[in-house]
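Student: First the structure, which I've put down as structure tokens, then a few questions once you've had a look.
The values are calculated or read from the model by the stated rules, or taken from the named source; none is laboratory data. Being a predicted model, the structure only gives us computed values, none of them experimental. Please note: Cβ atoms are built from the backbone with ideal geometry, for glycine as well, and neighbour counts cover all protein chains shown. Ligands, DNA and RNA are stripped out before the accessible areas are found, and what is left, the full protein with its side chains, is counted by its heavy atoms. Shrake-Rupley method; radii C 1.70, N 1.55, O 1.52, S 1.80 Å.
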Amino acid sequence: MLDLIKLRKRHGFQAIADVRNAAVMETHRGFPIIDETKYTDDWQKVADVCPTKAITTHPAAIDLGKCIFCGECERASNGAIRFSNDHKIAASKKEHLVIASGTTYAEYRASAIEAREKIHSMFGRSLKLRQVSAGGCNGCEMELAACGNVNFDMGRFGIDFVASPRHADGIVITGPITKNMALALSDAYKSISEPKIVIAVGACTISGGVFADSGETNREFINTVKIDLFIPGCPPHPLTIINAILDFIGKK
Amino acid sequence: MNWIEIKNLQAIPLDEIPRLALDDLRNQTAEKIKSGKRLVQFFGDTESDAITIYAIVADDNNSKLCISSSKTKPEQTYCSMTPEIPSASLFERELYELCRITPEGHPWLKPVRKGVAGIDRSEIPYRFFSMSGEEVHEVGVGPIHAGIIEPGHFRFSCHGEKIFHLEIELGFQHRGVEALFIKNNNRPAYLEKLSESIAGDTVIGHCGTFVRAMESAANILVSRSAKTIRTIALELERIAIHLGDLSALSGDVAYLTGNSVFGALRTKVINTTMAMCGNRFGRGLLTMGGVNYGISPKLKEKIVSTLDELDDAVLLAGEVLFSSASTLERFEKTGIVEKETTIEIGMVGPAARASGVAIDVRADHPFGGYEYFPVHKLTLDSGDVFARAYIRFVEIQQSLKILREQLNNLSESELKKTLAALQPNRFVVSLTEGWRGEIAHVLRTDRDGKIKCLKIKDPSFNNWLAVALAVREEGISDFPLCNKSFNLSYCGFDL
């Protein structure tokens, strides 16, 4: 009993008090800053090192929906591409995810997530989500689970993951959508009552990621359904996920 | 010579592997396993029309891997090993599914991931094992489960609350990983990242296994400090997951203090990995030829102070958890897997050690940093949820000690060597003790020095059957607890 009290006291209060303004560690690879002029050799060489073909040339740009934030391009471009530790990288439109040379974090943030009044009034105080992993490697799944742990405590904002799609306001999808999960995923989506939102988490869901050219995926559903929020990363940091959802539902 | 004996990570020329007739390969593999050796792999390597079947059997006591092969063609048959060697069952099912070689007399050739013999699984009317009788009913769960976890289907045959039988159907996560390795064999950076995603909870485990296989095939030796940093990352991964599992096991028995405290401790560990390489799971750290990030004296100091904190905190939290009567009531004598069963079905890792089977790749087939500091194998006897939880607790403490040894072993040597071309016609077996147990990658290059075959085995492949056996005769409400005590991978199995 005394040990239990000692343990509780030692544990204390570990929740991040201000999730909205908390910074992620310096080493984290978050929003990329591209300065095309810093690399004078052929940009195709930089594009070629990218494992997921996220980099395009003329002009140089990175698609965050494909990027797995591995840092290979940072090394290959002598710092012309630099990953900052800025972590709020989600967007409500896929085309916003393409970062051009010279784009600053502030510029990106200004238009990346559209907070609609209707969404705010409907889900601003309570948002229940059903998570479906469709070929996810358990990386994104672990970070989504971490959003609810004692450190991040997403539940304080009324955002929770629920066990049944019938209880949910939306679906959070991870993984490249394997053939064998395609049916279950679309069934889960159909089981959620309208109006419903769709959140795509991680490079695999958004673009196929490292599994983009696998013959074992079926991306028909994901390519046709309207996705409301794209949260890039491999996997995204819990603070990226939580802030994305809070921005989307218009929480101050 | 019917078999060649090699060591973990020893690259051998393909033509040194003996060729046997298929029946002889089957009989001699079975004999070896009956004499106490362990089946690591039994798979087919297809090249145009020919299939070479390789058998890899571990002689753990002598740190040797025995290898032999047989050249054959699709549609061949042989007498199944499974009736006498249950641990061969999944390997034979996989061989049947991928290479259309039929193990005659196999008791149950159900699909592993894709479908049987080229037929898509959605087109096969699959019949689950079924039971009948008064008050016998079935409970189907999944593929989508109630929490944030990967998909798989569980079919329980119950009598009231009691589970008679559990059938596990996997394959939902199949992403065609092995084929992607072959398809992209000229893109090394891609292959590294792909290996990190075989199972995202075992980034260091799988990526380390893969890059070591590649380095052996290319005949390059990585520096001592790179080996040390890799070992540190692997042990941090083990500690983090074990802590997360203790947190989840506490949650499953409604012991909320344990759930919170172990969860918060896990955060500290993965943040240490993040400080090393910028990712909480260690992505981007390992590369062929070494590591991408070093450990500065300042970072070393930070890691040591985290270890100091963890030493006390883990001990206290563990003592509280394992002296709580309500927790022990749920953990003890729940989900028992007997030692004989453990050996018979070929289990690996902490789950095997919790049932008294002393196998640990770090000790039996040392690699990387463990060459400098031998690891002592830890075992428990009871084989229940308690043992699988407690073994994690003691392994965390052991790993904390290993980390200190390895941190003191850091030297100034170069972090990364340039990868040379892979040698042609080479065969390498790379084994790693990941947090779940033995990870095995078998790499074969062709005459141009290209990857022609990469056979991957996650420890989950060995252990899923144990979950089904552990829950027999248990109440169905104890299933989540039993399942969590193994914490197996779906995508690692499905590939």
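Student: Which one of these does B:His165 not meet: (1) under 24 Å from the mean Cα position of the chain (by Cα); (2) under 18 Å from B:Asn463 (Cα atoms)?
Tutor: (1)
Student: For the stretch A:222-239, give me the residue count where each residue is of a type outside the set (Lys, Arg) and in contact with a strand residue (DSSP E or B) (Cβ under 9 Å, 6 or more places away or on another chain).
Tutor: Number satisfying all stated conditions: 11.
Student: Do any strands (runs of 3 or more DSSP E) lying entirely in the stretch B:1-74 carry at least 1 residues that are basic (Lys, Arg), in contact (Cβ under 8 Å) with a residue 24 or more places away in the chain and open to solvent by 30 Å² or more (accessible area, probe 1.4 Å), and which ones are they?
Tutor: B:38-47, B:64-72
Student: I would also like to ask the following. Hey, A:Ile89 hits all of (1) farther than 30 Å from A:Lys226 by Cα; (2) away from chain B (no Cβ under 14 Å); (3) buried (at least 16 other Cβ atoms within 10 Å of the Cβ) but one; which does it fall short on?
Tutor: (1)
Student: Taking the condition surrounded by fewer than 24 Cβ atoms within 10 Å (Cβ to Cβ) and modelled with pLDDT under 95, does B:Gly258 pass?
Tutor: No.
Student: Every residue in the stretch B:128-173 that is within 24 Å of B:Leu495 (Cα to Cα), part of a strand (DSSP E or B) and more than 11 Å from chain A (Cβ to nearest Cβ), please. Quick ask: steps written out before the conclusion?
Tutor: First, the residues of the stretch B:128-173 that are within 24 Å of B:Leu495 (Cα to Cα): B:128, B:140-155, B:166-173.
The next check asks that each one be part of a strand (DSSP E or B); those that pass are B:140-141, B:153-155, B:166-169.
Listed by number, the residues that qualify are B:Gly140, B:Val141, B:Phe154, B:Arg155, B:Leu166, B:Glu167, B:Ile168.
Per-residue answers, yes or no, for (1) surrounded by 20 or more Cβ atoms within 10 Å (Cβ to Cβ); (2) closer than 22 Å to B:Ile163 by Cα; (3) of a type outside the set (Lys, Arg); (4) within 14 Å of chain A (Cβ to nearest Cβ):
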{"site": "B:Thr432", "(1), (2), (3), (4)": "yes, no, yes, no"}
{"site": "B:Arg472", "(1), (2), (3), (4)": "no, yes, no, no"}
{"site": "B:Gly475", "(1), (2), (3), (4)": "no, yes, yes, no"}
{"site": "B:Cys491", "(1), (2), (3), (4)": "yes, no, yes, yes"}
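Student: Right, next: Only one of these conditions is not met by A:Arg130: (1) charged (D, E, K, R); (2) surrounded by fewer than 24 Cβ atoms within 10 Å (Cβ to Cβ); (3) more than 30 Å from B:Lys183 (Cβ to Cβ). Which number is it?
Tutor: Every condition holds for A:Arg130 apart from (2).
Student: Would the stretch B:198-217 turn up any residue that is open to solvent by 40 Å² or more (accessible area, probe 1.4 Å) and within 14 Å of chain A (Cβ to nearest Cβ)?
Tutor: no
Student: Restricting attention to the stretch A:154-171, does a residue exist that is under 16 Å from A:Asn243 (Cβ atoms), within 11 Å of chain B (Cβ to nearest Cβ) and not in a helix (DSSP H, G or I)?
Tutor: No, that holds for no residue.
Student: Quick check: anything in the stretch B:301-320 touching a Ser or Thr at 6+ places or on another chain (Cβ under 6 Å), assigned to a helix (DSSP H, G or I) and either open to solvent by 20 Å² or more (accessible area, probe 1.4 Å) or within 12 Å of another protein chain (Cβ to nearest Cβ) (or both)?
Tutor: Scanning the stretch B:301-320 turns up at least one residue that is touching a Ser or Thr at 6+ places or on another chain (Cβ under 6 Å), assigned to a helix (DSSP H, G or I) and either open to solvent by 20 Å² or more (accessible area, probe 1.4 Å) or within 12 Å of another protein chain (Cβ to nearest Cβ) (or both).
Student: Also, quick follow-up: Can you find a residue that is out of contact with any strand residue (DSSP E or B) (no Cβ under 8 Å at 6 or more places or on another chain) and open to solvent by less than 10 Å² (accessible area, probe 1.4 Å) anywhere in the stretch B:437-449?
Tutor: Yes, the stretch B:437-449 contains a residue that is out of contact with any strand residue (DSSP E or B) (no Cβ under 8 Å at 6 or more places or on another chain) and open to solvent by less than 10 Å² (accessible area, probe 1.4 Å).
Student: Then there is this: Looking for whichever is touching a residue at least 60 places away in the same chain (Cβ under 8 Å), in the same structural domain as B:Glu433 (by TED's automatic domain parsing) and in a helix (DSSP H, G or I) here; the options are B:Leu407, B:Leu419. Which one fits?
Tutor: Every option except B:Leu407 fails the conditions.
Student: Of everything in the stretch B:75-100, what is among the small types (Gly, Ala, Ser) and open to solvent by less than 10 Å² (accessible area, probe 1.4 Å)? Give them in sequence order.
Tutor: Answer for the stretch B:75-100, where residues must be among the small types (Gly, Ala, Ser) and open to solvent by less than 10 Å² (accessible area, probe 1.4 Å): B:Ser80, B:Ala88.
Student: Of the residues B:Ala233, B:Ala226, only one is over 18 Å from the mean Cα position of the chain (by Cα), in a helix (DSSP H, G or I) and more than 12 Å from chain A (Cβ to nearest Cβ); which?
Tutor: B:Ala226
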